[in-house]
Amino acid sequence: MSSTHSNPGQYNKSLMATLLLGAASASLYLLLFLYSDELTHVSTLIRQGQKGLVVIPMGIALIFSFVHGAFTGRFWDLLGLKAKKIGG
């Protein structure tokens, strides 16, 4: 059993944070699906020379990376899986 499970209060907080991040990640994917036409239009505008709009897909990618990364990190921690440390 991992150290997270030894304290039920801490485990419940970790579980709640994981569930909230999972819901946020799923919501971001839903929004990406719902606004796919608009994002395709932004892509077309960028290719037509409006290079300043490139911050939109870059910002979306950064937000996805942060939220989904935080979710998956907490998810694997809850399952008790840790990366193997190599070296000293």
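FYI, it's all coordinate maths here, none of it is from the lab. These figures come from a predicted structure and were not determined experimentally. Every residue, glycine as well, gets a Cβ built from its backbone with ideal geometry; the counts of neighbours run over all protein chains shown.
Scanning the range 38-88 for residues that are in contact (Cβ under 8 Å) with a residue 24 or more places away in the chain and among the aromatic types (Phe, Trp, Tyr) turns up Phe64, Phe71, Phe75. For the range 6-64, filtered to residues that are of a type in the set (Val, Ile, Thr) and within 18 Å of the chain's Cα centre (by Cα), the residue that is nearest to Asp77 (Cα to Cα) is Thr18.
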